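Right, one structure below, let's go through it.
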């Protein structure tokens, strides 16, 4: 549609997730019209992420060091590992301030239709950690904290089957139920069904 | 939420138009997980646009030369100027293959609530062109091709008032009416009203 560098930039922006051709065009023209300093800042941010961010060798979370802040923190309980899909899930769990253990980031959820099988996720690394690799103490409990959707549930089911082979390991899963602050009448039937099935004695 | 370079990139991406915090996060993690070559291509595209793209000194369209391809083309009728809001509108008119004149890109539409007045648009440059600056032949007709919305209509009304001062200049505006390929019953009342008011004898 356009020519030369402008179209190249539109094409590159259009490759990013969630950005269609119209958004790519809008962003490209925004960048054309914007202060040069803004474009430079974006370029520098890309550069820093490319050279300065790695995935933690233990848990797979994003990190500026080979071993991330949480995995390096001796005060965090290394016998308790929360398995999540993505780095942003680590941030979500950290925000609760309820969890003092460590993490394992899978890098996604099983999704065979998109070509994501166990080999595309950090499943082998999880089994190695539980098997007791390196200088870490033995893991006593694994908390499965996948997204409560089809792919997440499938991933949890798959992991439960693998983790059964480790004697003495407790495997738990986040509770499903009514979200806090919501109305019972607006809960979908799946959530309400889970809340009923998981009801607790008081 | 995150720390260091990752959060910096999320912040920079979040400054782009139409990208909220969630999208920015998604794009940042996509870029983290993607091939390094993809990030490099995006960086290079940004760099090329920053150094290689300018605005045409005559019409204000994006260009790789001081004077754009259309303004440099002697076969295009320089006495006929189509005034549009944005470079992408030039592309839209070019696609019709119906227009053999030149363009004038305003760089937006009047929108006082967002601080866009005549001084933020290339209105003065348009008046200078019509007044006969440089080596160009005199402009005989100006076609106003603003977006058919409130801001576009306001801009067209404003320009018509200014252009009245040039004796001998014809000022026209794109026809409003039913879009081709649509259903009459689904046309909104404003469009149908314009189509009625602008009905033509056959």
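The values are calculated or read from the model by the stated rules, or taken from the named source; none is laboratory data. A quick note: this is a predicted structure, and the numbers were derived from the prediction, not measured. As a convention, Cβ positions derive from the backbone with ideal geometry for all residues, glycine included, and neighbour counts pool all protein chains shown.
Residue count for the stretch B:46-56 satisfying the condition of being at the interface with chain A (Cβ under 8 Å from one of its Cβ atoms) and farther than 15 Å from residue A:34 by Cβ: 2.
Applying the set (1) under 11 Å from the mean Cα position of the chain (by Cα); (2) surrounded by fewer than 17 Cβ atoms within 10 Å (Cβ to Cβ); (3) over 22 Å from residue B:160 (Cβ atoms) to residue B:88 leaves exactly one unmet item: (2).
Hey, does the stretch A:135-146 have a residue that's assigned by TED's automatic domain parsing to the domain that holds residue A:109, over 21 Å from residue A:99 (Cα atoms), surrounded by 16 or more Cβ atoms within 10 Å (Cβ to Cβ) and at pLDDT 90 or above? If you could, list the steps in order and put the result at the bottom.
Start the filter on the stretch A:135-146 by keeping residues that are assigned by TED's automatic domain parsing to the domain that holds residue A:109, which leaves A:135-146.
Okay, now just the ones that are also over 21 Å from residue A:99 (Cα atoms), so A:135.
With the extra rule that they be surrounded by 16 or more Cβ atoms within 10 Å (Cβ to Cβ), the set shrinks to none.
Among the residues of the stretch A:135-146, not one is assigned by TED's automatic domain parsing to the domain that holds residue A:109, over 21 Å from residue A:99 (Cα atoms), surrounded by 16 or more Cβ atoms within 10 Å (Cβ to Cβ) and at pLDDT 90 or above, which makes the answer no.
Taken together, the criteria place residue B:86 among residues that are in contact (Cβ under 8 Å) with a residue 12 or more places away in the chain, in the same structural domain as residue B:143 (by TED's automatic domain parsing) and in contact with a helix residue (DSSP H, G or I) (Cβ under 8 Å, 6 or more places away or on another chain). Going by what's in this entry, would residue B:159 be described as in contact with a helix residue (DSSP H, G or I) (Cβ under 8 Å, 6 or more places away or on another chain) and either free of Cβ contacts under 8 Å to residues at least 60 places away in the same chain or outside any loop (DSSP other than H, G, I, E, B) (or both)? Yes: the conditions hold for residue B:159.
The combined condition, being buried (at least 18 other Cβ atoms within 10 Å of the Cβ), free of Cβ contacts under 8 Å to residues at least 60 places away in the same chain, over 16 Å from residue A:52 (Cα atoms) and not assigned by TED's automatic domain parsing to the domain that holds residue B:124, is fulfilled by residue B:45.
Report yes if some residue within the stretch B:173-189 is in a helix (DSSP H, G or I) and within 21 Å of the chain's Cα centre (by Cα); otherwise report no. Outline the logic, then answer.
Of the stretch B:173-189, the ones in a helix (DSSP H, G or I) are B:184-186, B:189.
Retained after the next criterion (residues that are within 21 Å of the chain's Cα centre (by Cα)): none.
Looking for residues that are in a helix (DSSP H, G or I) and within 21 Å of the chain's Cα centre (by Cα), one finds none in the stretch B:173-189, hence no.
Would you say residue B:152 is under 24 Å from residue A:28 (Cβ atoms), surrounded by 17 or more Cβ atoms within 10 Å (Cβ to Cβ) and either within 14 Å of chain A (Cβ to nearest Cβ) or out of contact with any strand residue (DSSP E or B) (no Cβ under 6 Å at 6 or more places or on another chain) (or both)? Judged against the criteria, residue B:152 is a match. For the stretch A:1-18, a residue qualifies if it is over 19 Å from residue B:55 (Cβ atoms), more than 7 Å from every other protein chain (Cβ to nearest Cβ) and surrounded by 20 or more Cβ atoms within 10 Å (Cβ to Cβ), and exactly one does: A:13.
Filter the stretch A:57-72 for residues that are within 14 Å of chain B (Cβ to nearest Cβ) and within 16 Å of the chain's Cα centre (by Cα); which is farthest from residue B:36 (Cα to Cα)? If you could, list the steps in order and put the result at the bottom.
Within the stretch A:57-72, the subset within 14 Å of chain B (Cβ to nearest Cβ) is A:60-65, A:68-70, A:72.
Then drop every residue that is not within 16 Å of the chain's Cα centre (by Cα), which leaves A:60-63, A:68, A:70.
Values: A:60: 18, A:61: 18, A:62: 16, A:63: 17, A:68: 21, A:70: 26 Å.
Once the filter is applied, the top-ranked residue is A:70.
Counting only residues that are modelled with pLDDT of 80 or more and not in a helix (DSSP H, G or I), the stretch B:190-202 holds 2 of them.
For residue A:35, the criteria (1) over 19 Å from residue B:26 (Cα atoms); (2) surrounded by 14 or more Cβ atoms within 10 Å (Cβ to Cβ); (3) out of contact with any helix residue (DSSP H, G or I) (no Cβ under 6 Å at 6 or more places or on another chain); (4) not assigned by TED's automatic domain parsing to the domain that holds residue A:160 hold in every case but one, which is (2).
Selection within the stretch B:116-134: residues that are at pLDDT 90 or above and more than 15 Å from residue B:155 (Cβ to Cβ). The member of this set that is surrounded by the fewest Cβ atoms within 10 Å (Cβ to Cβ) is B:128.
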